[in-house]
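Student: Please read through the structure below; I'll follow up with questions.
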Amino acid sequence: VIQLDEASGAHLITASPDTPNPQDLLASKQMEKFIAAARQEYDLVIIDTPPVLAVSDAIAVSRCADILLYAVQWGSTPREMVATGIKNLRSVGAALGGIV
């Protein structure tokens, strides 16, 4: 399931659009175990999720992450949406390291 990106040398796993109940999978003990195993094999594990307010994927995996970087589109994403996303992440104890 792990793929190699030839251009960067990065290893990655892509999401399948037909995965049933992805939030349940991301919030599972199996996901926690997978991330723990990946930490043993890789120097850096990056988890990219859909927007915080679109679906609950980011909230579900935030407990597996050491730190979160919250990316927003300048001049496009309303401040209120950014603030709500930050509030949602903080409400689950996510380690928000910064916003870019």
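The values are calculated or read from the model by the stated rules, or taken from the named source; none is laboratory data. Worth saying up front: this structure is predicted, and the values here are computed from it rather than measured. Ideal geometry is used to build each Cβ from the backbone, glycine not excepted, and the neighbour counts take in all protein chains shown. Protein only, heavy atoms only, side chains kept; ligands, DNA and RNA dropped before computing areas. Shrake-Rupley method; radii C 1.70, N 1.55, O 1.52, S 1.80 Å.
Student: Restricting to region 49-60, what's the tally of residues that are closer than 16 Å to K29 by Cα and at pLDDT below 85?
Tutor: Residues flagged as closer than 16 Å to K29 by Cα and at pLDDT below 85 within region 49-60 amount to 1.
Student: Can you find even one residue in region 24-39 that is on the phi > 0 side of the Ramachandran plot and either modelled with pLDDT under 85 or not β-branched (V, I, T) (or both)?
Tutor: Kept after step one, since they are on the phi > 0 side of the Ramachandran plot, are these residues of region 24-39: none.
Among the residues of region 24-39, not one is on the phi > 0 side of the Ramachandran plot and either modelled with pLDDT under 85 or not β-branched (V, I, T) (or both), which makes the answer no.
Residue-wise test of (1) charged (D, E, K, R); (2) open to solvent by 40 Å² or more (accessible area, probe 1.4 Å).
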position	(1), (2)
P51	no, yes
R63	yes, yes
D66	yes, yes
Y70	no, no
K87	yes, yes
I99	no, yes
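Student: Return yes or no: is D43 surrounded by 11 or more Cβ atoms within 10 Å (Cβ to Cβ) and not small (G, A, S)?
Tutor: Numbers: surrounded by 11 or more Cβ atoms within 10 Å (Cβ to Cβ): no; not small (G, A, S): yes.
Criteria not met by D43.
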